[in-house]
Amino acid sequence: MYWILLIAGLIGLDQWTKWFFLVNKDNFKDFEIIKGFFYLTYVENRGAAFGILQNFRWFFIILTVIALAVMVWYFIKNQNKMLRLSLSFIMAGAVGNFIDRLFRGFVVDFFDFYPFGYNFPVFNVADICVNIGVFFLLIYVLFIYKEQEEDKVSEDTQEVSGSDEK
């Protein structure tokens, strides 16, 4: 139950921030927070990450539905808390941007950074959620995930016996 609350809360935060910037878009044209580094800039992104594949709205909508179905399946199948945490963040981010694409035709972005003078692509709360989820997924895969012992035992037995069944 708390996973659903986490996902709903993250989606709610994402949608609220996007709504705020959408209704106040005239106030956020390079709104300076930290000079030369961090700005709030309203952008309508009709593509994917970094603005690639502009105007492929229906492709992203269909891809998101498929990806969400796979993630929900893994979420239900696996009980590991780190995996569920990572999938919760990724699903919340995917749904947040999905809602924008479906109902607005574009994704609202507004965090605008210039690290070391480089103009980093503008992003939003949903994008942050996806990145946090991927970070947790990497931790899960690198440090927690283990192959099932049955598969490993059968591979070890095959190597010892030297059989090459094809």
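Values quoted throughout were computed directly from the atomic coordinates according to the rules given, and no laboratory measurement underlies them. Since this is a predicted model, take the numbers as computed values, not measurements. FYI the Cβ positions are ideal-geometry reconstructions off the backbone, even for glycines, and counts take in every protein chain you see.
Subtracting the Cα-Cα distance of N27 and Y2 from their residue separation scaled by 0.36 nm leaves 5.4 nm.
Where in region 100-132 is the amide nitrogen less than 19 Å from a point lying 7 Å along the Cα-to-Cβ axis of F38? Once the point is set 7 Å along Cα→Cβ of F38, 109-132 turn out to lie under 19 Å by backbone N, inside region 100-132. Selection among V70, W58, Y42 by position relative to the dipole of region 2-143 gives V70 as farthest towards the positive end (Cβ unit charges, Cα centre).
In terms of its C-alpha gyration tensor, the chain comes out prolate, because a/c is 1.5 or above and the ratio a/b outweighs b/c. Here the Karplus relation 6.51 cos²θ - 1.76 cosθ + 1.60, evaluated at θ = phi - 60°, turns the backbone of region 92-99 into coupling constants of 4, x, 5, 5, x, 6, 4, 4 Hz, with x for every Gly and Pro.
When exposed loop sites are taken as GluC sites (Glu not before Pro) in a DSSP loop with at most 10 other Cβ atoms within 10 Å, the longest stretch of the chain clear of them is 1-146. Computed extension length for A49-V134: 29.2 nm, one decimal, from 0.36 nm per residue of separation with the Cα-Cα distance subtracted. Between the helical axis of 125-139 and the dominant principal axis of the chain, each derived from Cα atoms, what acute angle in degrees is found, rounded to the nearest 10? Roughly 20 degrees between the two axes. Helix 57-77 and the long axis of the chain differ in direction by around 40°, with both axes built from C-alpha atoms.
Model label sites at R104 and L63, defined 7 Å from Cα along the beta-carbon direction, differ in position by 1.9 nm. The calculated FRET efficiency for Y118 paired with F143, based on their beta-carbon distance and R0 = 30 Å, is about 0.45.
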